[in-house]
Amino acid sequence: MSDAKHVSYAEFLKENKLAEGHRIPYYVRWVEAFARHCGGKRQNLTWDAIGSFLSKLASEGKVEDWQIRQADDSLRIYATCYLPQVHGMDLSECSARYSIPAEPGPGSWQLVDEALCAASRLRHQSVSTEKTYSGWVRQFARYVSHRSPVSITSSDVKNFLTHLATQRKVAASTQNQAFNALLFLFRHVFVRELTGLEDTPRPAKKVNIPVVLRPEEVQQILSFTDGLCRLMIEMMYGSGLRVGELLALRVKDTDFGGECIVVRSGKGGKDRVTLLPTGVRDRLADQIGYVRGLHSQDLADGYGEVQLPYSLKLKYPGAPKELGWQWLFPAAKISRDPRTEHVGRWHVFPTSLRHGLKRAAAKAGRQAGRQARVLLPFHVTCTHCQDRIPFRRCADDVQAVADRASARKQSH
């Protein structure tokens with residue numbers, strides 16, 4: 001690069017195509033904010049400083065999750081690409097965000113696992129993602145015989161992925177999951193980039209035909225369910241909700257007047273609006289009444305505070321005890337959150353719903369391989385609507401509900 005000493009960060013991003021053009025100004029602003037965090041002194045630019053800056057953003061609750069990820073990406077590019085190439089400054093020689101253990105053995109990898117979980121929580125990843133990444137790191141540690149973490153290289157990752165593909169013959173999605181976990185480990189714990197994996201054997205991605213039961217088969221399965229389990233299954237089927245989306249519903253997410261349900265932070269962290277099934281309106285109203293009574297009893301017992309997303313509790317201190325924020329499908333028992341140690345009532349555990357669906361499918365004589373995801377994906381609902389001709393009307397109704405919700409938001 002000619003005259004590299006005079007290249008600005010924005011020019012560097014544009015020239016090397018490290019960020020999309022419309023995002024470059026935001027990447028520059030994050031670096032400027034980080035510089036102010038460091039007092040404008042170059043000697044304060046360390047990985048520890050980057051970690052404290054991102055932690056501050058997360059704790060303040062003033063920015064969205066995607067903005068924290070954007071800031072993290074900008075500062076990673078700034079520290080690992082721009083500073084070394086333009087200014088000859090290597091932050092990894094100054095400090096490491098996490099102290100990587102040099103001793104071999106399971107104890108050192110336990111420290112690495114703790115650092116991985118801390119990095120995952122900093123980026124507001126889900127509990128399931130954290131557990132999955134942690135599991136792959138433990139498998140990788142066993143594969144390298146718990147060698148010293150500081151000695152791990154990209155070649156070890158390449159050999160592990162090759163082992164998964166050729167020896168264990170895992171699916172393409174499984175190998176990609178392992179790759180993403182180890183990529184996260186290298187970037188955010190080891191503070192290094194994975195290189196030289198271009199020729200790693202990767203299984204071909206298989207195109208599967210979705211499993212969709214006929215409407216009469218769905219009704220047969222529903223006939224073997226009752227109570228809360230049936231209500232949840234019918235809502236998944238009627239509204240096209242995933243298990244996680246259904247269980248994460250709060251009382252305030254139901255709109256009987258607008259005949260819709262608001263899904264918050266669904267797949268990909270996106271919000272959406274879907275239809276409220278007519279057949280469950282009365283039972284859903286009864287369920288809200290049950291939640292109201294249960295919440296009153298929890299308040300009397302000294303509980304009643306529900307977990308809120310991010311730092312909303314700091315902004316609205318009384319919100320955790322409001323009825324609207326309570327889970328629509330609360331668990332039967334009080335429990336302790338393993339992350340925050342908060343004691344309160346969580347929502348129904350996902351396995352409870354899945355086991356209920358599995359038992360109903362077994363009684364209905366459905367094959368074990370067919371009932372596991374029979375009612376979960378949205379395409380099941382759409383396919384059955386299409387079979388009955390008014391699929392276009394169903395799609396128009398969904399769009400109309402979304403438009404009404406958007407209009408109400410804009411009017412406020």
Query raised in the report: On alpha-carbon atoms, Rg over Rh for the stretch 204-335 using Kirkwood Rh?
Result: 1.02
Query - Estimated distance in nm for a label pair at R214 and E11, the labels positioned 7 Å out from Cα along Cα-to-Cβ - result: 6.9 nm
Query raised in the report: Can you tell me the Rg and Dmax of the stretch 101-255, counting just the alpha carbons, in angstroms?
Result: 20.8, 61
**Report entry** Computed E for A300/R123 - FRET, C-beta separation, R0 41 angstrom, nearest 0.05
**Finding:** 0.60
Query raised in the report: How big is the Rg/Rh ratio for the stretch 106-188, C-alpha atoms only, Rh by Kirkwood, two decimals?
Result: 0.95
Query raised in the report: Quick one: Karplus J couplings for the stretch 234-248, per residue in order, coefficients 6.51, -1.76, 1.60, θ = phi - 60°, nearest Hz, x for Gly and Pro?
Result: 5, 5, 4, 5, x, 10, x, 9, 7, 4, x, 5, 5, 5, 7
Query raised in the report: Sequence-distant or interchain residues sharing an amide H contact under 5 Å with F329, placed H: which?
Result: V348
Requested in this report: Mind ranking 169-176, 215-222 by how tightly packed they are, going by the mean number of other C-beta atoms within 10 angstrom, highest first?
Outcome: 215-222, 169-176
**Report entry** Per principal axis, descending, Cα span of the stretch 33-75 in whole Å
**Finding:** 29, 19, 15
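Laboratory data are not the source of any read-out in this text; all were calculated from the coordinates shown. Computed from a predicted model, the values in this text were never measured in an experiment. Here Cβ is always computed from backbone atoms with ideal geometry, including for glycine, and neighbour counts include all displayed protein chains.
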